[in-house]
Amino acid sequence: MAERKDDRLWGGRFERAPNELFDAFQNSFAFDCRFLPYEIAVDRAWAQALQRAGILTEGEVTQTLAALDKIAQRAERDPMWLADSAAEDVHHFIEKALVEELGPVGWKLHTGRSRNELVATDFRLFIKDAVADSRDSLIALIHTCLEQAKSNLGLPMAGMTHMQHAQPILLSHFLLAHAEAFSRDLARLQSAAVSADACPMGSGALAGCSFAIDRNAIARDLGFSRITPNSLDAVSDRDFALDYLFAISGIATHLSRLAEDFVLFASQEFSYVILPDEYSTGSSLMPQKKNPDSWELLRGKTGRITAALFSLFTTLKGLPTSYQRDLQEDKEALFAAHDQINQMLIVATGALGKSKCREDRLRAAAGNPALVATDAADYLVRRGIPFRQAHDLVGKVLREAEQQGVPWPQLSLQELQKLSPQIDKGFLESPSIENAINSKNVPGGTAENSVRAAIAQLEQKLAQLEKQP
Ligand code: ARG
C-alpha cells in the first residue's frame, strides 16, 4: 500500500498544500456535519452494494459496518470530536474516522462513488425528515385554528375588505380561512417530500458507476421509493430543496398574514383579542404595555424563510449542468430556515391556542348597520328591483342617515319612502346581522351551517392527510 502524504481526499496530484485562508473558506464541515447520520446510512447501504458487486468481501463489510456504528455512537456522545475535527466536509470526516478504525480497508468504501452524489443523497434524506418535522407542527397549528373556530362558533365579527367594514361574518369563518391556507401548505410540503424521494447513488461524479451496483437495492435500503433517472441531472438537481423552501415560504407568508391580523386585533382600536401573557412582552418604560411580540416576530421572521428560497434560486441561476462547487451554498440558509419555521409554527400554535376573543367588541363592531347595506339591497332585489337600482337607492338611504347623524335603520318609513316609494316596512326589518350571516348559506359561505360543514370537511381532509406516511 503506497504511503499517502496527507489525509485529504484528493491530495495525490498536488505539490503544495492549499492556502490556509482558502482552506477554511472552502471547508463545509461546520454545517454539513448535520448530514452525518444520513451519510452513515448511505455508507452502510453502499458497503453492502459493493459486496454484492464483488468489490468488498463479507469480512470487510462486517468490519466497515461495525466501524460505522462506532463512529455514529461517538459522534452522538462526543460533540467536541466533530467541533475539533480538521475534516473538509462530512464525507471526509467519516472516511478519516473509518481509516482510523480499520486502516487501509477504510479507503475501500469510496470505490465507484463521488461526493457529488453523496451530498445530493444526504440532502434528499435530510429534506424527507425535514418535511416530516414541519408537517407535524403544521398539522398542530391547523387543529388549533379548528378548535378556536369550534369554540367560538356563532360569534359574529365585522368582515373587512381594504381594512374597511364590509359585511358581517362569523369569527369561525375567519379562522377557517387561515386553516384552509395552512392546509394548502400541507399539501405543498408533502409534494416536496415526493420530489426528494429519489436516490442518486450510482450516479458517480456525473457519469454513473462502472461497478455492478444495484441502484434499486440501495434506494430501498435507504427508504427511497425510486432512483433518479439521469446521473448528470442527479448531481445538478436541487429542485427538491427549492420545493421544500417554497412550501415553507408559503407557510411563513400565511403565518405573517395571521400575525398581522392578530397584531391589529390586539390593538386598542380593535380590542378583538386578549393577548396571552405567555406569548406577549412588556415595556421597560411604560408599565401598562402588553405587546404582541410573538405575532410581530412571526411576521418579521418570515423574511428569513423567503430569503432562503431566493438565496437558493440565485445560487442555481445560470449554473452549468453537472456538479459545481457553488452547490455547497445550498445548505446553510435551508438549515436555518428549517429550524426557524418549526419554531415559528410552535409559537404560532401556542399564541393562537391561548388567545381569548372579546365577544363584546366583536359583536359591537359586527352590529354596525352599515355592514348589512348589501343585504338591504338584496331585499329590494327580491322585491323585483334591478340590483344596480337597489344599490343606488340604499346608497341614498345611507347618505341621508349620515347627514342626519343617525344609523340608517333609525330613519322613519316616511323619510325612506320620500327617497323611493318602493321601500316598504320589511326593508327596515329584514337585514339583521343574524339574517345577513345565515343567508350566506352556499357551500364555503359564512352561514353557521356552511361553517359547520366546512369544519367537518377540513377535519376529514386532515384525518386523511395524517394517515399518509
Ligand atoms: N462539500 C460539497 C458540497 O456541499 C460536497 C463535496 C463535493 N466536492 C467536490 N469537490 N466535488 O456540495
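One table, with the values for the structure above:
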{"read-out": "Members of segment 401-449 that are over 18 Å from Gly384 (Cβ atoms) and in contact with a Lys or Arg (Cβ under 7 Å, 6 or more places away or on another chain)", "value": "Leu413, Thr446, Ala447"}
{"read-out": "Candidates Gly112, Gly54 - the one that is part of a loop (DSSP other than H, G, I, E, B), among the small types (Gly, Ala, Ser) and touching a Cys at 6+ places or on another chain (Cβ under 7 Å)", "value": "Gly112"}
{"read-out": "Selection from segment 65-117 of residues that are of a type in the set (Phe, Trp, Tyr) and within 16 Å of the ligand (Cβ to nearest atom)", "value": "Phe93"}
{"read-out": "Residue that is farther than 23 Å from Ala196 by Cβ, surrounded by fewer than 13 Cβ atoms within 10 Å (Cβ to Cβ) and within 38 Å of the chain's Cα centre (by Cα), where the choices are Arg77, Arg13", "value": "Arg77"}
{"read-out": "All positions within segment 121-134 that are closer than 20 Å to Glu459 by Cα and surrounded by fewer than 21 Cβ atoms within 10 Å (Cβ to Cβ)", "value": "Ala132"}
{"read-out": "Complete set of residues in segment 239-288 that are part of a strand (DSSP E or B) and open to solvent by less than 20 Å² (accessible area, probe 1.4 Å)", "value": "Val273"}
{"read-out": "Candidates Ala207, Ala149, Ala181, Ala219, filtered to the one that is of a type in the set (Gly, Ala, Ser) and either open to solvent by 10 Å² or more (accessible area, probe 1.4 Å) or part of a strand (DSSP E or B) (or both)", "value": "Ala207"}
{"read-out": "Residue pairs meeting the criteria (Cβ under 9 Å; at least 6 apart or on separate chains; first under 25 Å from Ala241 (Cα atoms), in segment 108-122; second at pLDDT below 95)", "value": "Arg115/Leu9"}
{"read-out": "Selection from segment 152-178 of residues that are part of a loop (DSSP other than H, G, I, E, B) and touching a Lys or Arg at 6+ places or on another chain (Cβ under 9 Å)", "value": "Leu153, Leu155"}
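The values are calculated or read from the model by the stated rules, or taken from the named source; none is laboratory data. Note that this is a predicted model, so its numbers are computed, not measured. Quick reminder, even Gly has a Cβ in these numbers, built from the backbone with ideal geometry, and neighbours come from all protein chains shown. Surface accessibility is based on the protein's heavy atoms, side chains included, excluding ligands, DNA and RNA. Shrake-Rupley method; radii C 1.70, N 1.55, O 1.52, S 1.80 Å.
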